[in-house]
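Student: Sending over a structure as structure tokens; questions will come in a sec.
The values are calculated or read from the model by the stated rules, or taken from the named source; none is laboratory data. Owing to the predicted nature of the structure, the values given are computational and were not obtained by experimental measurement. No Cβ is skipped: glycine too gets one built from the backbone with ideal geometry, and neighbour counts run over all protein chains shown.
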Amino acid sequence: MSKKEQPNRWKGYLTGVIGGVAGTIAMGYFWQAAKILNGDKDPRQETIENPGEFTDISLAGKHHEDDESSTMAMGRIAYTFVTAKPPDSDALKSLLSNIVHYSYGAKQGANYGAIRAGTGAFDIEGGLAWGTGLWLLGDELSVSALGLAEGPGKYPLKQHLYRWGAHLTYGLVTSLVARLFYKIF
């Protein structure tokens with residue numbers, strides 16, 4: 001990028017949305033592979049029987065139910081706020097969870113695209129760093145601090161590593177797809 005050329009942040013934002021959706025899809029495939037590698041058991045469901053510290057780091061109280069993911073909890077909370085009644089079926093809960101997950105993935109991809117458009121590059125290192133940041137600040141800390149999941153101490157190290165791998169996959173695919181579409185448009 002020459003000194004006179006200004007970064008097109010809107011273009012980066014929009015191509016980042018595409019990258020974020022692709023990254024979210026890639027995360028789904030990551031979890032399918034992780035389940036196979038884990039003997040057909042979903043590694044996201046594993047918990048520590050007698051956890052020690054950091055099982056409750058919520059600053060806002062518990063807002064998730066025992067059998068729901070953080071995205072399912074957010075979907076349930078939003079739906080209940082809008083309709084004044086909780087979702088009444090597993091299919092609706094699953095749909096709401098997917099809407100939250102894909103919306104968050106698209107928004108974070110958009111943020112990545114807008115930020116990286118100013119550098120003139122969408123690079124692998126940037127995508128991996130973005131995925132790591134989302135994992136650490138979002139998945140490991142914020143979700144628990146908001147009461148949307150148990151604290152990090154409730155889960156075995158293997159699950160934290162799988163989650164990091166899922167977010168690295170997201171960041172990598174988001175950066176590559178955003179870069180591709182940025183060049184095309």
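Student: Quick check, is residue 161 at pLDDT 95 or above, touching a Leu at 6+ places or on another chain (Cβ under 9 Å), surrounded by fewer than 23 Cβ atoms within 10 Å (Cβ to Cβ) and more than 16 Å from residue 107 (Cα to Cα)?
Tutor: no
Student: Condition check: assigned to a loop (DSSP other than H, G, I, E, B) and touching a helix residue (DSSP H, G or I) at 6+ places or on another chain (Cβ under 6 Å). Does residue 148 satisfy that?
Tutor: The answer is yes for residue 148.
Student: Kindly indicate the residue of the stretch 13-57 that is touching a helix residue (DSSP H, G or I) at 6+ places or on another chain (Cβ under 6 Å) and of a type in the set (Ser, Thr, Tyr) and also surrounded by the fewest Cβ atoms within 10 Å (Cβ to Cβ) among those meeting that condition.
Tutor: 47
Student: Okay, moving on. Among the numbered conditions (1) of a type in the set (Gly, Ala, Ser); (2) touching a Pro at 6+ places or on another chain (Cβ under 6 Å); (3) outside any helix (DSSP H, G or I), tell me where residue 153 comes up short.
Tutor: (3)
Quick grid of which residues meet (1) touching a Pro at 6+ places or on another chain (Cβ under 7 Å); (2) at pLDDT 95 or above; (3) at positive phi; (4) hydrophobic (A, V, I, L, M, F, W, C):
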| residue | (1), (2), (3), (4) |
| --- | --- |
| 68 | no, no, no, no |
| 77 | no, yes, no, yes |
| 85 | no, yes, no, no |
| 97 | no, yes, no, no |
| 104 | no, yes, no, no |
| 107 | no, yes, no, no |
| 122 | no, no, no, yes |
| 146 | no, yes, no, yes |
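Student: Look through 75, 126 and report the one residue that is touching a Lys or Arg at 6+ places or on another chain (Cβ under 8 Å), assigned to a helix (DSSP H, G or I) and either polar (S, T, N, Q) or farther than 30 Å from residue 183 by Cα (or both).
Tutor: Result: 75 is the single residue among 75, 126 that is touching a Lys or Arg at 6+ places or on another chain (Cβ under 8 Å), assigned to a helix (DSSP H, G or I) and either polar (S, T, N, Q) or farther than 30 Å from residue 183 by Cα (or both).
Student: May I pose another question? Condition first: in contact (Cβ under 8 Å) with a residue 24 or more places away in the chain, over 23 Å from residue 79 (Cβ atoms) and not in a helix (DSSP H, G or I). Now tell me which residues in the stretch 39-64 satisfy that.
Tutor: 46, 47, 48, 51, 52, 53, 54, 55, 56, 57, 59
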